[in-house]
Structure formats: structure tokens, C-alpha cells
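Step one of this worksheet: look at the structure below.
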Amino acid sequence: MHRRGVGLAAFDRKQTTKRFEELSNSISQSQVTHLNNQLTQFRTALTHFASTHRDKIKSDPSFRHAFQQMCTSIGVDPLAGPRKGGWWAELLGLGDWQYELGVQIVDVCVSTRERNGGLIEMAELIRMVSKLRGVSGGSITEDDIVQSIKTLEPLGAGYQVVDISGRKMVRSVVKELDDDQTTILGLAQEHGGRVVEDMLIQRRQWSRERARTALENMLLRDGLCWLDDQDEEYGRAYWVTSAMKWEA
Amino acid sequence: MALSTHTTSTGWDSVLKACNKVNEHILGFLLPSIHSAPPFFTQQPNPATEAIVIEQWTKLILSYARHRNLFYLRVEDAETGGDWDEVLRNDRINRRLPPAHLSSILAGMVAKNVASYEPAKQTRSVLLYWRLPEEWAEVLHQWASTTGQMNTIMTFYEITDPPVNSPLTNIPLPLLRKAITILAKSNRAQIIAIADGEGVRFFTPAK
């Protein structure tokens with residue numbers, strides 16, 4: 001019987017393994033160094049990009065949009081706060097910009113909540129936020145609003161963009177809109193804000209009971225609409241404030 | 001409501017008033033857009049909503065009263081018509097403010113101290129404070145001072161119906177009395193009994 005692994009050959013094999021290990025170590029070492037270099041380069045390039053385009057990112061909505069899309073495609077979150085990959089946000093100052101917009105959105109939503117029951121149309125929100133920012137703030141888009149609302153998420157304030165019969169609205173109350181309410185809001189949009197029981201019965205085939213309950217809930221419980229008891233046609237009409245057009 | 005009486009001189013006030021008069025003829029009073037919203041005229045069953053409605057009506061009533069120099073608002077104004085028609089009804093959308101709703105708006109205004117029931121002990125008529133009594137006191141003192149009426153005795157009539165129109169022309173007596181009482185507290189006026197009723201003497205405050 002010949003035992004394998006004894007003698008010079010075996011010694012050589014051990015040596016070879018050790019060499020390979022060393023080699024692999026040095027290769028990964030150089031790879032890490034290389035990677036570090038690349039990262040540094042990337043960071044430099046980014047710093048450069050940021051310092052060159054920061055103002056443009058803040059002031060030009062279409063550029064901002066393109067930039068945000070680029071970020072998404074390379075898997076970087078431009079809004080990551082100082083605690084996660086903060087240098088990115090700090091570099092761009094975009095975090096601040098977005099938070100500032102967020103604060104303005106909250107401002108508008110809260111100050112109009114009384115008269116719209118916490119539901120505001122996207123276009124109206126953009127108009128009022130723009131007014132708040134003044135001319136120097138640069139124009140803002142629906143996209144910016146959606147992004148900013150995302151940054152508000154950790155606050156748990158329940159800000160949400162909802163789609164009501166093809167129209168985007170921002171909801172600032174923590175309240176689920178049920179299907180019936182969504183239907184009513186949609187109908188109100190089409191009629192300048194006015195909804196009556198019979199509209200729901202005729203157009204949506206609701207029972208009178210269902211129509212009345214849904215409307216009365218919106219009126220008394222949620223404050224989403226106002227009552228008009230002088231309606232010429234039906235005597236009692238409901239006006240959804242977020243679908244009405246008037247200045248405070 | 002713009003509270004600018006402390007810096008407003010008599011001259012500026014009459015310019016403003018003249019401007020308002022001109023505006024009224026050319027443009028009329030500019031009603032806020034909420035006045036065209038049908039549900040604005042209905043008393044809201046939701047208390048939070050009704051609070052907003054009352055707040056908006058308060059604003060509208062005070063600015064209209066200031067604009068037209070109106071001092072009183074009565075529940076009857078919603079019933080019979082008169083000075084307040086332009087505000088209390090909107091014929092374009094065929095809505096009017098029901099007297100009961102007006103009555104609760106008046107109560108809201110009294111609670112906020114922008115009006116007071118006048119006469120007291122009833123709730124159908126209010127005196128409107130588009131200037132607070134404290135502000136009227138300043139206007140009054142300023143007027144007495146710029147027209148050289150210091151230290152002389154004046155009748156109330158001379159104040160409410162002066163030969164040259166002043167910001168105080170037609171000011172209701174209860175309001176005038178309140179303003180004088182406020183001035184008296186800081187020794188800037190004194191109510192004096194005269195032959196045919198009451199009079200007042202203004203003083204320059206000791207510096």
C-alpha cells in the first residue's frame with residue numbers, strides 16, 4: 001500500500017495552495033484598491049456634476065426630472081437623508097430643496113383643510129405652493145410634489161396622492177376614502193362640486209338609502225362637503241368643497 | 001380688516017373714503033368669490049364647517065360695513081331688504097341668507113368682540129366694530145387734535161355732524177360714548193354735562 005501525500009510532491013502541493021492564496025489575496029487587494037479608486041472618481045465626478053448643475057436642478061423642472069430618473073436607474077436615492085448615504089443629498093442640497101417643498105405642501109394642505117376637508121386637487125396645490133414660493137422659487141411640477149410627499153412619509157402624517165376619476169388629488173387627512181366616497185368625489189368633479197341624491201340614483205344605480213348615507217357621512221362626519229338647502233331643483237344639494245372653485 | 005388707525009391721519013382717511021366712494025360708483029363693492037357659492041348661504045349642520053362659514057361671513061360683513069360706512073346690522077335686514085341686500089342675497093345664483101342664519105352669525109360676531117348687541121338685552125340688532133372702540137378712541141382724539149378742538153367743550157352733535165365731513169360723521173352715539181370712555185381712562189377726555197345733554201372736553205396727554 002502506498003500512502004499518498006507523503007514526500008516532496010505533497011510538500012509542493014501545500015506550497016502551491018499557499019501561493020495561490022497569496023496570489024488571490026493580492027488580486028482582491030488590488031481589486032478593492034481599484035474599486036476604491038473608481039468610487040473616488042465617481043464621487044469626484046458627482047461632486048463636479050452637482051456643483052455645476054445644482055442650481056439648474058433646483059430651478060429647472062425638466063432637468064430635475066431627468067436627474068431623478070437617472071438616479072433611479074443607477075439605484076441611488078437622491079433624497080437619502082444624512083443618515084443613509086447622506087453625502088449625496090448634502091452634495092446636491094437637493095434634500096433640503098425637497099424638504100422645503102414638503103413643508104410648503106404641508107402648509108397649503110393644512111391651511112386649506114378647513115374648507116376642502118383635507119382633499120386638494122393637484123393643480124390647485126401646485127398653484128398655491130407656487131404662490132407661496134414666489135417667482136424666484138422656480139416652477140414646480142406634479143412630479144416634484146409626488147417626490148416631496150414621499151419624503152413626508154416617515155412623518156406618518158398620511159399624505160397621499162389619490163386618483164379620483166382620472167384626476168390626481170392630494171389627501172392630507174388620515175382617512176380611507178371608501179368606494180362610495182370616491183364615486184361621489186368623481187361625480188362632483190364633473191359638476192362643479194354639486195351632488196344630489198338623485199344623481200347617484202340615476203347615474204350610478206344606487207339605492208336612495210345608500211346615496212343618502214354616503215352623502216350625509218361626507219357632510220356630517222368627514223366635513224368633505226357643504227350643504228345647500230336652497231337648491232332650486234332638489235331643495236337639498238351637497239357641494240364637495242375640493243371640487244369647487246373659490247378663493248378664501 | 002386693516003387696522004391702520006394709529007397711523008391714519010384725518011387727511012388720509014378722507015382720501016381713502018373718497019377713493020372708496022369713487023370705487024363704489026365705478027366698481028361697486030368687490031364681493032369675494034365665496035359669495036357665489038350656493039352653500040355659503042346655508043347654515044351648516046357640521047359645527048366645524050359652520051365655524052368656517054361664520055368666519056367668512058364676519059369678514060365679508062365687516063369689510064362691506066367699512067366700505068359703505070354702515071354701523072348697524074339687524075336680523076330684519078335679511079327679511080325686508082335695504083342697505084345690506086347686495087351682501088345678504090345673491091340674485092345671480094338665487095340665494096339669500098335666511099334670518100335665522102344671520103342671527104347665528106351675529107351671535108358669532110358678538111362672541112368674537114367684533115360686534116355688540118345694541119341696544120343691550122336683545123339679539124336682533126348689532127353695532128359693528130369694523131373699527132374697535134379702542135381704535136375709534138384714537139381716531140376721535142386725533143381728529144380733535146388736528147382740528148384744534150383741544151380743551152374746548154364740544155357737544156356730541158358737533159362730533160357726529162360736523163360742518164366738514166370727518167371719519168366720525170354719523171358715528172352712533174353708543175360707539176362715540178364708548179370711545180370717549182376709553183379716552184377718559186387715560187385722561188385724554190372728560191364727559192361733561194351741558195345744558196342740552198352731554199358734551200366732551202379733550203386734553204392733550206401729559207408727556
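Tell me, what is the percent relative contact order of segment A:177-248, built from C-alpha pairs under 8 Å that lie six or more residues apart?
Value for segment A:177-248: 35 percent.
Would you order B:185, A:168 from fewest to most other beta-carbon atoms within 10 Å of each residue's own beta-carbon?
B:185, A:168
Considering the dipole of chain B built from charges on the beta carbon (Lys and Arg +1, Asp and Glu -1) around the Cα centre, which of B:200, B:137, B:123 is farthest to its positive end?
Comparing the listed Cα positions along the dipole, B:137 ranks first.
As I understand it, the value is the acute angle between the Cα axis of helix B:10-26 and the longest principal axis of the Cα atoms of chain B; what does it come to in degrees, rounded to 10?
The helix B:10-26 is inclined about 30 degrees to chain B.
To the nearest whole number, what is the average tally of beta carbon atoms from other chains within 10 Å of the beta carbons of peptide A:222-228?
Mean shielding by partner chains, rounded to a whole number: 6.
Would you please state the base-10 log of I(q)/I(0) at q = 0.11 1/Å for chain B, with intensities from the Debye formula using one equal scatterer on every alpha carbon?
Values returned for q = 0.11 Å⁻¹ are -0.59.
Which pairs break 25 Å Cα to Cα here: A:56/A:168; A:131/A:168; A:56/A:150?
A:56/A:168
Given a cut-off of under 8 Å on Cα pairs at least six residues apart, what relative contact order in percent is computed for segment B:70-138?
33
Mind listing which GluC sites (Glu not before Pro) in segment A:159-248 are in a DSSP loop and have 13 or fewer other Cβ atoms within 10 Å?
Counting only loop positions with at most 13 other Cβ atoms within 10 Å, the GluC sites (Glu not before Pro) in segment A:159-248 are A:176, A:232, A:233, A:247.
State, as an integer percentage, the relative contact order of chain B based on alpha-carbon contacts under 8 Å between residues 6 or more apart.
The value is 19 percent.
Largest first and to the nearest Å, give the Cα extent of segment B:133-202 along each principal axis.
Principal-axis extents of the Cα atoms in segment B:133-202, largest first: 29, 28, 24 Å.
Give me Rg over Rh for segment B:31-128, both radii from the alpha carbons and Rh done the Kirkwood way, two decimal places.
For segment B:31-128, the value is 0.93.
Could you tell me how far the Cα centroid of segment B:168-199 sits from the Cα centroid of segment A:140-163, in Å?
Centre-to-centre distance over Cα atoms comes out at 59 Å.
How big is the Kirkwood radius of segment A:107-235, worked out from every pair of different alpha carbons and given in Å to one decimal?
16.1
Any read-out appearing in this document is the output of simple, stated calculations on the displayed coordinates, not a laboratory observation. Because the structure is a prediction, the values reported are computed rather than measured. Glycine gets a Cβ as well: all are built from the backbone with ideal geometry, and neighbour counts include every protein chain shown.
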